[in-house]
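The structure under discussion appears below in the form of structure tokens.
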Amino acid sequence: MKQASAPIAIFDSGVGGLTVAAAIARALPDQSFVYLGDTARLPYGTKSAETVTKYAVQATRALMRFQPKMIVVACNTASAVALPVLAAAYAPLPVVGVVEPGARAAVAASREGRIAVIATEGTVRGGAYVRAIHALNAQAQVVQRACPLFVALAEEGWTHGDVPELAARKYLSDIFEAANPPDTLVLGCTHFPVLVDAIRKAVGPSVALVDSAETVAREIASIVRTTGGGGEGVTHRFLSTDAPERFARVGSQFFGATIDPAQVELVDLSA
């Protein structure tokens, strides 16, 4: 029997990165993946760059036992601060983040070069999206807004109704009711796509929404098609650093399919 191909390894601070895993599964149905959610230490967005980098290195180290074909940093905060460290440490293994693909999609989608980015405090503080967008379009007007409550709402499964809609209006109304508002909004956190209905109500129907999960999946598909492999014994594995039952319950909403709690492996990244 032919040996199963190496999996795509994916990690995030929690379950938000499962939106990326789901997009990868749709784009590459013949590929296995292993996903690690560092639920014991989320959110990453409120922590220092040094702490996030340490956590990202630990997560990647834990995933290396699966001998992956690539590492996907499905966390905007970790992508913004830890990607160079991981790329240098694990070269020539491809290490793909979510910021660069999201920036490219935003520039392509924007009609007038007016782009808003919503993200965690850490991603906004680091300015990675601003740098990436300006590298592609130096004239782009970029406004950022940290929306930390969105992460908590997504993790709790409060994705529809009055509470997320009120939060979205509070965070975004001043930006999108201003003169010459942005024509494009980047969902700069992998937790945010599950709140898209509330976000859409706050920004209006004409604003282009950029989901980094879909854009990074297309980039990964391009890399995998170049390197080959896949199609034998496809598996989806899930790891969590805390509360596998909760990971499965909440994560199923992000993944778009039921995750069996019995199939979620509990891991200790500090060991």
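The values are calculated or read from the model by the stated rules, or taken from the named source; none is laboratory data. Being a predicted model, the structure only gives us computed values, none of them experimental. Here the Cβ is made from the backbone with ideal geometry for all residues, glycine too, and neighbour counts use every protein chain on show.
Among the residues of this structure, Ile71 does not count as one that is among the β-branched types (Val, Ile, Thr) and either in the same structural domain as Leu136 (by TED's automatic domain parsing) or under 22 Å from Arg249 (Cα atoms) (or both).
In the range 93-103, which residue that is assigned to a helix (DSSP H, G or I) and among the aliphatic types (A, V, I, L, M) is nearest to Gln67 (Cα to Cα)?
Applying the filter and picking the extreme gives Val99.
Every condition in (1) touching a Leu at 6+ places or on another chain (Cβ under 9 Å); (2) assigned by TED's automatic domain parsing to the domain that holds Ser79 holds for Ser222 except the one numbered (1). Look at (1) over 27 Å from Thr159 (Cα atoms); (2) modelled with pLDDT of 95 or more; (3) surrounded by fewer than 24 Cβ atoms within 10 Å (Cβ to Cβ); (4) in contact with a helix residue (DSSP H, G or I) (Cβ under 9 Å, 6 or more places away or on another chain) and you find that Ala22 fails only one, number (1). Criterion applied to Val186, Val250, Val203 was being within 18 Å of the chain's Cα centre (by Cα), among the aliphatic types (A, V, I, L, M) and not assigned by TED's automatic domain parsing to the domain that holds Leu28, and the one residue passing it is Val186.
Note on the range 37-56: residues that are farther than 26 Å from His236 by Cα and outside any helix (DSSP H, G or I) total 4.
Is it true that Val34 is aliphatic (A, V, I, L, M), within 14 Å of Ala128 (Cβ to Cβ) and outside any loop (DSSP other than H, G, I, E, B)?
Values: aliphatic (A, V, I, L, M): yes; within 14 Å of Ala128 (Cβ to Cβ): no; outside any loop (DSSP other than H, G, I, E, B): yes.
Judged against the criteria, Val34 is not a match.
Among Ala9, Ala80, Ala74, Ala49, which is the only one that is modelled with pLDDT of 95 or more and out of contact with any Asp or Glu (no Cβ under 6 Å at 6 or more places or on another chain)?
Result: Ala9 is the single residue among Ala9, Ala80, Ala74, Ala49 that is modelled with pLDDT of 95 or more and out of contact with any Asp or Glu (no Cβ under 6 Å at 6 or more places or on another chain).
For the range 153-176, the set of residues classified as within 27 Å of Phe247 (Cα to Cα), out of contact with any His (no Cβ under 9 Å at 6 or more places or on another chain) and of a type in the set (Asp, Glu) consists of Glu156, Asp162, Glu165, listed by residue number. Among the residues making up the range 230-258, those that are free of Cβ contacts under 8 Å to residues at least 60 places away in the same chain and either touching a Ser or Thr at 6+ places or on another chain (Cβ under 9 Å) or under 18 Å from Ala59 (Cβ atoms) (or both) are Pro244, Ala248, Ser252, Thr258.
Quick check: anything in the range 132-145 within 22 Å of Gly256 (Cα to Cα) and in contact with a strand residue (DSSP E or B) (Cβ under 7 Å, 6 or more places away or on another chain)?
Among the residues of the range 132-145, not one is within 22 Å of Gly256 (Cα to Cα) and in contact with a strand residue (DSSP E or B) (Cβ under 7 Å, 6 or more places away or on another chain), which makes the answer no.
Just so you know, in the range 85-144 the residues that are under 23 Å from Leu172 (Cβ atoms) and among the acidic types (Asp, Glu) include one that is surrounded by the most Cβ atoms within 10 Å (Cβ to Cβ), and it is Glu121.
Within the range 104-133, the set of residues being in contact with a helix residue (DSSP H, G or I) (Cβ under 7 Å, 6 or more places away or on another chain), within 28 Å of Arg61 (Cβ to Cβ) and not in a loop (DSSP other than H, G, I, E, B) comprises Ala119, Glu121, Gly122, Thr123, Gly126, Ala128, Tyr129, Ala132.
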